[in-house]
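Here's the structure, in structure tokens; my notes come after.
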Amino acid sequence: MLRNIDFVNGHFGALLFDCDGTLAETAELHHYALTAALKKLGHDLPKQWYLDRIGLSLDGLLGEFKDLVGVQLAPKDVSPVEEAIYCGNTSIIREIHAVTSIVRTNAGKIPMAVVSSSSRSMVIATLDVLHLTEFFSTVVTAEDVENPKPAPDGFLEAAQRLGIESSQCLVFEDSTQGFDAAKRANMTFKDVRSLL
């Protein structure tokens, strides 16, 4: 299985990891935080509706939320409350051991990065609470690219920062948006759900 592979002796030059749903179980906390933020603006967030759209950036989610409620909400009106609630409750986050063991096994042996459609504050809070931050050379978040997943921008940015050709990167992902982004970046990807 992948978790036992020494990637330094393989054909990959870098490992790129999504955060939410890949390194960490965060869906419940994201839903809780976003629900509270939207409630302040007078809207309810159906849980299944949200879970069906995991992997979307906040911009993408709010774009689809408009179809549900008939009003286009601005990220700037949602994200401060969402981020504050999320970052204040990170103690409930649990790591996905099948994936984090790959990180720890390959730490210091091969360049690694996190590429997420979430905000930097939430990604860093997640990595910090799981004691993973030190293992990554760079972290690319929604603030760092013009187009979030399924666009390849985040993965391409990470590869550029690491100085590795995109074709030499192995991506660990859990969502359709992430798979599509990796394919568009000409990267090999692994669906982490097959490791569980």
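The values are calculated or read from the model by the stated rules, or taken from the named source; none is laboratory data. All values reported here derive from a predicted model rather than from experimental measurement. FYI the Cβ positions are ideal-geometry reconstructions off the backbone, even for glycines, and counts take in every protein chain you see. Note: accessible area is taken over every heavy atom of the protein model, side chains too, but ligands, DNA and RNA are not part of it. Shrake-Rupley method; radii C 1.70, N 1.55, O 1.52, S 1.80 Å.
When the dipole is taken about the Cα centre of the chain, and only Lys, Arg (+1) and Asp, Glu (-1) are charged at their Cβ, what size is it in debye, to the nearest 20? Can you show the working numbers first?
Values: 17 positive and 26 negative charges, 57 e Å.
Around 280 debye, computed over the chain.
Normalised by the number of residues in segment 88-196, what is the relative contact order in percent for Cα pairs under 8 Å and 6+ residues apart? Walk me through the intermediate numbers first.
Numbers: 150 pairs, mean separation 24.5, N = 109.
This gives 23 percent for segment 88-196.
Report, by chain and number, residues whose modeled amide H sits under 5 Å from the one on Ser118, excluding near sequence neighbours (fewer than 5 apart, same chain).
Ala142
Leaving out ligands, DNA and RNA, and with a 1.4 Å probe, what % of the accessible surface on segment 49-196 is carbon or sulfur? It would help to have the intermediate numbers written out before the result.
Numbers: 3280 of 6730 Å².
For segment 49-196, the apolar C and S fraction of the accessible surface comes to 49 percent.
What residue among Ala84, Leu127, Gly70 has its Cα farthest toward the positive end of the dipole of the chain, where the charges are +1 on Lys, Arg and -1 on Asp, Glu, each on the Cβ?
Leu127
Which aspartates and glutamates does Lys76 reach when only Cα atoms under 14 Å apart count, and residues fewer than 8 places away in its own chain are ignored?
Asp59, Glu143
Mind checking the per residue accessible area of the chain for me, 1.4 Å probe, whole number of Å²? Mind dumping the intermediate values first?
On the way: 9030 Å² over 196 residues.
With the other protein chains kept in place, the chain gives 46 Å² per residue.
Please report how far the C-alpha centroid of segment 114-173 lies from that of segment 7-53, rounded to the nearest whole angstrom.
Taking the Cα centre of segment 7-53 as reference, the centre of segment 114-173 is 14 Å away.
By how many nm would the segment from Ala36 to Thr176 lengthen if fully extended, with 0.36 nm per residue of separation less the alpha-carbon distance?
Working: separation 140, 0.36 × 140 = 50.40 nm, distance 2.62 nm.
Stretched fully, the Ala36-Thr176 segment lengthens by 47.8 nm.
Give the long-range amide H neighbours of Phe172: residues separated by 5 or more places, or on another chain, with amide H under 5 Å away, using H modelled in the peptide plane at 1.01 Å from N.
Hits under the 5 Å cutoff: Leu16, Phe17, Asp18, Lys190.
Compare the peptides 47-59, 142-154 by average per-residue count of other Cβ atoms within 10 angstrom and give them in order, highest first. Intermediate values should be presented prior to the final figure.
On the way: 47-59: 16.2, 142-154: 18.8.
Top of the packing list down: 142-154, 47-59.
How large is the Kirkwood hydrodynamic radius of the chain, counting all unique pairs of alpha carbons, in Å? Don't skip to the end; give the middle numbers.
Numbers: mean 1/r = 0.0591 Å⁻¹.
Value: 16.9 Å, from the Cα pair sum.
If a helix is a whole DSSP H run, which ones in the chain reach 15 Å or further along their own axis (Cα) and hold a mean Kyte-Doolittle hydropathy of at least 0.0?
Details: long enough: 27-40 (20 Å, -0.08); 58-69 (16 Å, 0.58); 75-87 (17 Å, -0.19).
Flagged H segments are 58-69.
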